[in-house]
Structures are given as structure tokens and as C-alpha cells.
Amino acid sequence: MDAAQPRPTGARLLEAVELARAAAVELAGADAVGGHEQAQGDDEHAATHFFAANQPGYRGWRWAVTVADGGPDTPVTVSETVLLPGPDALVAPPWVPWQDRVRAGDLGVGDLLPPDPDDERLVPGYLASDDPAVEEVAHEVGLGRPRVLSRYGRDLATERWRAGDRGPRAEMAKAAPSTCVTCAFYLPIAGSLRAAFGVCANEFAPADGAVVHAEYGCGAHSDVEPDTGPITPVAEVVYDDGVELEAR
């Protein structure tokens with residue numbers, strides 16, 4: 001056998017089920033240890049036995065008991081006993097650092113959300129932002145802003161708004177009679193995004209006060225005309241079969 005390859009786990013290790021169970025019971029109690037599920041050879045001198053865990057709230061978890069064999073003249077011993085999640089275990093979601101946990105809509109009244117010092121969406125106000133409207137406001141006397149939106153920041157906003165509920169692919173837009181760009185209530189925003197985005201000013205529209213894509217639309221378009229036709233369809237010829245005619 002190749003010396004680089006691990007030797008098969010001894011039979012004594014794989015057969016030490018009761019020894020492993022006793023170790024799990026000693027740690028967790030008899031009621032917490034279920035049936036034997038698997039014996040896994042770790043290497044030439046160690047194997048791990050898995051038992052179902054019966055604790056409430058630990059669905060799919062298993063007691064893992066590792067046993068060791070020092071040689072033919074030594075007894076099999078227990079190395080460690082731990083509770084591990086199985087393939088179908090209910091486990092906590094992956095850890096997310098606190099600075100990455102905030103999502104759109106999480107900010108409440110009185111909350112503060114300072115931007116990251118290295119936020120790529122922002123650039124210092126004295127740098128060119130590639131948007132004339134932004135630069136004009138940034139350099140106004142007494143109103144200059146320390147940081148302004150970068151091209152990367154505008155690209156992110158463009159992608160987010162276009163793919164959102166006020167974009168051209170929204171269900172409301174698909175059913176609309178026309179698009180926002182031809183609506184009198186559509187107010188284009190300033191700057192380089194003017195050609196694609198604006199704000200809805202129709203108080204009866206679902207997007208009132210929100211940024212909408214020029215190709216978005218709804219049923220409150222300014223050019224929508226009222227339907228003056230009958231509420232129910234009327235047949236061209238109506239027969240009244242409830243009146244009996246006198247025979248001549």
C-alpha cells in the first residue's frame with residue numbers, strides 16, 4: 001500500500017457504537033440521544049459515530065462522538081463528543097457584519113446612518129462628478145457640498161430605479177395606456193439622468209412623489225380620456241318577448 005495513502009480505519013473503531021453512545025449519554029442525557037445514524041472513518045486511528053439529537057430546537061442535528069484506537073494492545077477510547085449540524089439541520093444564517101446588515105427601508109424616525117468613509121458612490125465636492133447639474137449646485141457660494149454623487153453612484157441608482165417597481169418592466173407599466181414621458185404630471189429631474197427619470201406629480205397616481213422611469217406608466221396618465229360608452233353592452237336589436245301581441 002502507498003505510504004502516502006491513509007490506511008483503512010480499524011474494525012474496532014467502527015464497531016464501538018455502544019462506547020460512543022455511552023459518551024453521548026453521559027454528556028447530554030439518555031433522552032437527548034437518538035438512534036445511531038452513521039460511522040465515519042476519520043483516519044487509521046480514529047472514527048466518528050453520529051447519533052440523532054432529540055433536543056427541541058435542534059432539528060437535523062447530531063451528536064458526533066470521535067473514538068480513537070492506539071493499537072492492538074490498547075482499548076478504544078473516546079476523544080471528544082460534540083453536537084454538530086447534519087445535512088438537513090436547521091442552522092442560523094451566515095454571519096453578516098453589522099455594517100452590511102442595513103437594507104433599504106430599515107431607516108426609521110430618529111435613526112442615523114453615516115456613509116462609509118470610502119463609499120464609492122460619493123466623491124469630494126471639489127472633484128468633477130461628470131454631471132454639470134451636480135457640479136453647479138456643489139459650487140454655489142455658501143451652499144457647496146463636501147461630497148457629491150459619483151458616476152458610479154449614479155449608475156447604481158439608475159440600475160436600481162429601472163429594475164424597481166417604478167421601472168418600465170413593472171406590471172403597472174405593462175398595463176398602462178401610455179408612458180410617463182408623455183404625461184403632463186411627469187417632472188424630469190435635473191442633471192444627466194434627466195433623459196430617463198422624473199418625478200410623478202399626480203396625487204391620484206400610485207407613484208405620486210416618487211422617481212419614475214420615463215417608460216413607466218399607470219392608468220392616471222394625463223391623456224387618458226373617460227369612457228362614455230354604456231356600462232353594459234347593448235345588442236343592436238332588442239326583442240321584448242315578455243309582451244303578448246294580440247292576434248289579428
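The values are calculated or read from the model by the stated rules, or taken from the named source; none is laboratory data. A quick note: this is a predicted structure, and the numbers were derived from the prediction, not measured. We work out accessible area using only protein heavy atoms, side chains counted, and drop any ligands, DNA or RNA first. Shrake-Rupley method; radii C 1.70, N 1.55, O 1.52, S 1.80 Å.
Quick rundown of the values:
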{"item": "Rounded Å value of the spacing that divides the Cα centres of segment 143-222 and segment 75-107", "result": "41"}
{"item": "Per residue accessible area in Å² of segment 36-108, where ligands, DNA and RNA are left out and the probe is 1.4 Å", "result": "67"}
